[in-house]
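Working notes for the structure below.
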Amino acid sequence: MKAVVIEEFGAPEQAKIQELPVPEPGAGELLIEIAAAPVNFVDSLVFEGRYQFLPPRPFTPGKGPAGTVLAVGPGVTGFAPGDRVLAMAEQGGYAEQAIVPARDSFVLPDAVSFEDAATISLAFDTAWVALFERGRLSPGETVLVLGSTGAVGNAAIQLAKAHGATVLAAVSSPSRADEVLQAGADGIVDLSRPNLREALRDQVHELTDGHGADVVIDPLGGDIFDAALRAVAWRGRVVVVGFAAGRIPEVKVNYLMLKNMEVSGVQVSDYRKRMPDLMRRCFGEILDLAAEGRIKAGPRSRYPLSDYARALSDVVNRKAKGRALLIPGNTDL
């Protein structure tokens, strides 16, 4: 099988596509034929050796592939060869086949394609945990989604709407408004307005009759986090899922006391390790919503395995249209 192999950390182009023997699944594992694998921003940190969880080298990167079960390891129940699955593996996705943990794999409904599943992977589960486990979002509450045109932001908009919340989507430019409105947003917050510190709060208060946002989902950090903190309602909850804007912000905790506010974070891979039953409920709901057409996996850009470095560059530089997917079995893309 062909696989991208990281032998030394560095630029993605330094890794090589190698021909490796097809592995056999061990206890608790599945061997899958990968049909589609998402390319995530976090993969760039893995290639560079800057991610907090790194397996011993050499290894194949790539989280959350979708594909067909080829073989089932000892002690595994509930799966059989031929099953279509989404596998929330921490590595192995940049390949034609992969060994994945059975407990983190989910059988796909017939109405959910491999590409849809890979597009959902690591975006909708992150958004679900941020919204409903950390943010405790209830029907009728208002959520402000920062980074709303990204994969997690789009997922957060759709899931919040499916649960009966009001959604405000923050966009970098008014030209991006249509795409988040199509995803289900009820109102737009324009981050390009002068004096962001005041302008963000003013827009949120105008859209909520002065109430503020009950929940904020933040994959950005930086100055945008600082401004959004001022737009949170009394007893509001801010959930940090990333720092795509670059700067990791700091919080003056007296401000949290004044507004009885919470700030928490999500590292979704920890939930897979520590709370697998919760994640099974999470994916059960997400895949059911997708099968019913109540959420849409969204647009995607397709790349052959040989173009993994270009796909990752497009993700990092925000050039990919929708979610970037590797399609290992297609060399004609």
What are the residues in the stretch 254-266 that are surrounded by fewer than 19 Cβ atoms within 10 Å (Cβ to Cβ) and either without any contact (Cβ under 8 Å) to a residue 40 or more places away in the chain or among the hydroxyl-bearing types (Ser, Thr, Tyr) (or both), if any? ASN254, TYR255, LEU256, MET257, LEU258, LYS259, ASN260, GLU262, SER264
I need the full set of residues from the stretch 291-315 which are in contact with a Ser or Thr (Cβ under 9 Å, 6 or more places away or on another chain) and either crowded, with 18+ Cβ neighbours inside 10 Å or closer than 26 Å to GLN97 by Cβ (or both), in order please. ALA297, GLY298, ARG300, PRO304, LEU305, SER306, ALA311, LEU312, SER313, ASP314, VAL315
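Residue-by-condition table, conditions (1) over 17 Å from the mean Cα position of the chain (by Cα); (2) of a type in the set (A, V, I, L, M):
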{"position": "MET88", "(1), (2)": "no, yes"}
{"position": "GLN97", "(1), (2)": "yes, no"}
{"position": "PRO109", "(1), (2)": "yes, no"}
{"position": "VAL112", "(1), (2)": "yes, yes"}
{"position": "THR149", "(1), (2)": "no, no"}
{"position": "VAL152", "(1), (2)": "no, yes"}
Among (1) closer than 28 Å to ALA244 by Cβ; (2) surrounded by fewer than 22 Cβ atoms within 10 Å (Cβ to Cβ), ALA36 falls short only on (2)
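Where residues in the stretch 224-253 are farther than 21 Å from VAL266 by Cβ and modelled with pLDDT of 95 or more, which of them is surrounded by the most Cβ atoms within 10 Å (Cβ to Cβ)? Show your work before the answer.
First pass over the stretch 224-253, keeping only residues farther than 21 Å from VAL266 by Cβ: 230, 234, 252.
Those left that are additionally modelled with pLDDT of 95 or more: 230, 234.
Numbers: ARG230: 16, TRP234: 11.
By that ranking, first place goes to ARG230.
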With criteria (1) touching a residue at least 60 places away in the same chain (Cβ under 8 Å); (2) part of a loop (DSSP other than H, G, I, E, B); (3) not acidic (Asp, Glu), VAL4 comes up short on (2)
So GLY164 passes all but one of these: (1) outside any helix (DSSP H, G or I); (2) touching a residue at least 60 places away in the same chain (Cβ under 8 Å); (3) closer than 22 Å to ARG294 by Cα. Which condition number does it fail? (2)
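Has the stretch 83-97 got at least one residue that is hydroxyl-bearing (Ser, Thr, Tyr) and either out of contact with any helix residue (DSSP H, G or I) (no Cβ under 6 Å at 6 or more places or on another chain) or crowded, with 17+ Cβ neighbours inside 10 Å (or both)?
Kept after step one, since they are hydroxyl-bearing (Ser, Thr, Tyr), are these residues of the stretch 83-97: 94.
Then keep just the ones that are either out of contact with any helix residue (DSSP H, G or I) (no Cβ under 6 Å at 6 or more places or on another chain) or crowded, with 17+ Cβ neighbours inside 10 Å (or both); that gives 94.
Taking every residue of the stretch 83-97 in turn, at least one turns out to be hydroxyl-bearing (Ser, Thr, Tyr) and either out of contact with any helix residue (DSSP H, G or I) (no Cβ under 6 Å at 6 or more places or on another chain) or crowded, with 17+ Cβ neighbours inside 10 Å (or both).
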Quick one: is ALA320 part of a loop (DSSP other than H, G, I, E, B) and either touching a residue at least 12 places away in the same chain (Cβ under 8 Å) or outside the structural domain of VAL180 (by TED's automatic domain parsing) (or both)? yes
Number of the exception - ASP202 against (1) crowded, with 18+ Cβ neighbours inside 10 Å; (2) free of Cβ contacts under 8 Å to residues at least 12 places away in the same chain: (1)
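Return the total of residues in the stretch 139-157 being assigned to a loop (DSSP other than H, G, I, E, B) and touching a Leu at 6+ places or on another chain (Cβ under 6 Å).
Of the residues in the stretch 139-157, the ones assigned to a loop (DSSP other than H, G, I, E, B) are 139-141, 146-150.
Those still in the list that are touching a Leu at 6+ places or on another chain (Cβ under 6 Å) too: 146-147.
Here the count works out to 2.
The values are calculated or read from the model by the stated rules, or taken from the named source; none is laboratory data. Predicted, not measured: the structure shown is a model, and the values here were computed from it. Virtual Cβ from ideal backbone geometry, glycine too; neighbours counted across all protein chains shown.
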